[in-house]
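Undergrad: Below is the structure I would like to discuss, written out as structure tokens.
The values are calculated or read from the model by the stated rules, or taken from the named source; none is laboratory data. None of the values given here were measured: they were computed from a predicted structure. Cβ coordinates were reconstructed from backbone atoms using ideal geometry, including for glycine residues, and neighbour counts include every protein chain displayed. The accessibility values were calculated without ligands, DNA or RNA, using every heavy atom of the protein model including side chains. Shrake-Rupley method; radii C 1.70, N 1.55, O 1.52, S 1.80 Å.
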Amino acid sequence: MNWKKIIVITVIILVVIAGSAAIVFYPVYRFMFQENTQVVDKELTVVQGGGGNSGVLVTDSAVVVIDTKMGGDAEKLYNLAKSKAGAKKIIVINTHYHGDHVKGNKFFKGSDIYIGAYDPKFLSENIGSENMPDKFVKDSLILNLGNEIICLYNLGQAHTMNDMVVLLRNRKILFSGDLIFHNTNPFLKRESGANVDKWIGALDQMLKMPDIGMVIPGHGLTGDKAMITSMRNYFLDMKIAAADPSKEKEMKEKYKDWTQLPMMTSPGATIDYIRNAAKDANKMER
Ligand SMILES: [Zn+2]
């Protein structure tokens, strides 16, 4: 074989490897980095990607930022909020403690930062003292900011130990945090306190909330109340597959179009998570 042939074959192999890697890791890229800005109305902007989805809302008395992203996109979000705020104060709300939703808190020094009632020591160890919120919501809290009333509901343990959803009451818009991953297999981690049964319970509570028009999920495109039901159905189906291996193939097929994050989230990973949790519960009972 001459050198020319070797070079051509090497290039082809490299292109195939690079192409396959791009296909596999593109969902991760989109999940973590891609930014889309959706102007919902003249006071509310939703910034998608760059970590979790975020909201920036201008009210009569303050600018409210829901989830602060991470890395360079966090700083961009801060600059957007600052430019809208002018002399108004900024209030930050974190739906939960995961880094892709809170690591931009450090830019908002001096702002009130709300989060669910986590143990402060656990929180500080996980997100760093520079990102520490200073207001902890145990059950619920209403912020009356003039032209919008913002309701914070800590739905308790679900995706983490304290998942908070944020309702813009006048607009009938719900920020669900990571209780909803839109058409995406959800991220389940034991150390975070993820609990599928309690997660379904939290989705039930959301379904009972009256008058929700638009839903902003933690990740993925925005939608309506149907997303709550679809996330709930996903977990019910995964529970069926976890309990009955003969149903596993059918359920994996049913959600084949939902985004998977390589080595992190997939129907298989969710099924395993449910099975392991059931095993642990059995051990505890013995
Ligand atoms: Zn999360």
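Residue-by-condition table, conditions (1) surrounded by 20 or more Cβ atoms within 10 Å (Cβ to Cβ); (2) within 21 Å of the chain's Cα centre (by Cα):
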{"position": "M231", "(1), (2)": "yes, yes"}
{"position": "A242", "(1), (2)": "yes, no"}
{"position": "P245", "(1), (2)": "no, no"}
{"position": "E248", "(1), (2)": "no, no"}
{"position": "M251", "(1), (2)": "yes, no"}
{"position": "K256", "(1), (2)": "no, yes"}
{"position": "P262", "(1), (2)": "no, yes"}
{"position": "T265", "(1), (2)": "yes, yes"}
{"position": "G268", "(1), (2)": "no, yes"}
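Undergrad: Under 6 Å between Cβ atoms, which residue pairs at least 6 apart in sequence (or on different chains) link something in segment 6-31 that is within 27 Å of G52 (Cα to Cα) and surrounded by 10 or more Cβ atoms within 10 Å (Cβ to Cβ) with a partner that is at pLDDT 70 or above and polar (S, T, N, Q)?
TA: P27/T259
Undergrad: How many residues does segment 81-106 contain that are free of Cβ contacts under 8 Å to residues at least 60 places away in the same chain and surrounded by 22 or more Cβ atoms within 10 Å (Cβ to Cβ)?
TA: Count: 6.
Undergrad: Somewhere in segment 187-198, is a residue in contact (Cβ under 8 Å) with a residue 60 or more places away in the chain, outside any loop (DSSP other than H, G, I, E, B), among the hydroxyl-bearing types (S, T, Y) and closer than 21 Å to L221 by Cβ?
TA: no
Undergrad: So which residues in segment 95-127 are touching a Gly at 6+ places or on another chain (Cβ under 9 Å) and more than 16 Å from the ligand (Cβ to nearest atom), if there are any at all?
TA: K106
Undergrad: Those residues that are more than 16 Å from the ligand (Cβ to nearest atom) and crowded, with 24+ Cβ neighbours inside 10 Å, I need them from segment 169-186; list them, please.
TA: The answer is L174, and nothing else.
Undergrad: Okay, moving on. Would you check which residues across segment 140-168 are outside any strand (DSSP E or B) and within 16 Å of the ligand (Cβ to nearest atom) and list them?
TA: L155, G156, Q157, A158, H159, T160, M161, N162, D163, listed by residue number.
Undergrad: If we scan segment 212-228, do we find a residue that is out of contact with any Gly (no Cβ under 6 Å at 6 or more places or on another chain), open to solvent by 80 Å² or more (accessible area, probe 1.4 Å) and of a type in the set (K, R)?
TA: no
Undergrad: Can you name every one of the helices (runs of 4 or more DSSP H) wholly within segment 206-286 that holds 1 or more residues which are within 30 Å of C151 (Cα to Cα)?
TA: Of the helices (runs of 4 or more DSSP H) lying wholly inside segment 206-286, those with at least 1 residues that are within 30 Å of C151 (Cα to Cα) span 226-243.
Undergrad: Need pairs with beta-carbon distance below 6 Å; first residue open to solvent by 10 Å² or more (accessible area, probe 1.4 Å) and within segment 46-58, second more than 16 Å from the ligand (Cβ to nearest atom) and modelled with pLDDT of 95 or more; sequence gap 6+ or separate chains.
TA: V58/E43; V58/K84
Undergrad: Further question on the same structure: Among the residues of segment 140-168, which ones are open to solvent by 50 Å² or more (accessible area, probe 1.4 Å) and aliphatic (A, V, I, L, M)?
TA: L141, I142, M161
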